[in-house]
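The structure appears right after this line, and notes come after that.
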């Protein structure tokens, strides 16, 4: 697919995550973006049902619907599957993954060059979330930090050795989890107990939240995030 961003020095990114089948919020998001001239989990699959292929295929269809709606906002859609998305989008080799729409690209364990010296590297899936010893949400396909680290390290090595990431590239890491202790994603839904720390996240689109990110190329410094705007529909 032609990359119209290849020579740009400023990019605007719409970040949306955790739709969980709330399609009405995608319609509202499209209206917001259109009116303002602006430029995670998609589905709601239970990882415990990963061996029930009929349900996996239904989940693929749900993801396809959501991605098509995102393409109506902008055709250049890049996504990483979350822990409630179809296992075929996470476990299959790159050339064996389902093509869910005409344009949307799955970045899980894959690199996509989005500007001349800017590469996006993706890693989907999630770790389980714990409060004390109690599991609050299920992880898939990862069960431990060491397992996720191993997968991320392998993805980086493969991209570097293949030349997909070059020496002078800036790398934008796109994951369904992120650095611990990021204040934007500390789960404080129940304030009577200790919060759960996850990663950088605008908040779920199922609750009408999203973010707009601006990244710019600075002389002698490469690409930098210059603004992050957290929005609610």
Quick one: what pairs do we get from the stretch 214-233, first residue at positive phi, second exposed (fewer than 10 other Cβ atoms within 10 Å of the Cβ) and part of a loop (DSSP other than H, G, I, E, B), C-beta under 9 Å, 6+ apart or different chains?
222/168
Among the residues of the stretch 83-95, write down those that are outside any helix (DSSP H, G or I) and either at positive phi or in contact with a helix residue (DSSP H, G or I) (Cβ under 9 Å, 6 or more places away or on another chain) (or both).
83, 84, 85, 86, 87
Please find, among 101, 111, the residue that is surrounded by 16 or more Cβ atoms within 10 Å (Cβ to Cβ), in a strand (DSSP E or B) and touching a helix residue (DSSP H, G or I) at 6+ places or on another chain (Cβ under 7 Å).
111
Selection within the stretch 47-56 - in a helix (DSSP H, G or I), surrounded by 13 or more Cβ atoms within 10 Å (Cβ to Cβ) and either at pLDDT 90 or above or more than 18 Å from the chain's Cα centre (by Cα) (or both):
49, 55, 56
Residue 143 vs. criteria assigned to a loop (DSSP other than H, G, I, E, B), modelled with pLDDT of 85 or more, out of contact with any helix residue (DSSP H, G or I) (no Cβ under 8 Å at 6 or more places or on another chain) and under 22 Å from residue 81 (Cβ atoms):
yes
Out of 121, 152, 173, report the one residue that is over 27 Å from residue 61 (Cβ atoms), in a strand (DSSP E or B), in contact with a strand residue (DSSP E or B) (Cβ under 6 Å, 6 or more places away or on another chain) and at pLDDT 90 or above.
121
Filter the stretch 176-231 for residues that are in a strand (DSSP E or B) and closer than 14 Å to residue 129 by Cβ; the one that is modelled with the highest pLDDT is 187
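The values are calculated or read from the model by the stated rules, or taken from the named source; none is laboratory data. Computed from a predicted structure; not experimentally measured. Here Cβ is always computed from backbone atoms with ideal geometry, including for glycine, and neighbour counts include all displayed protein chains.
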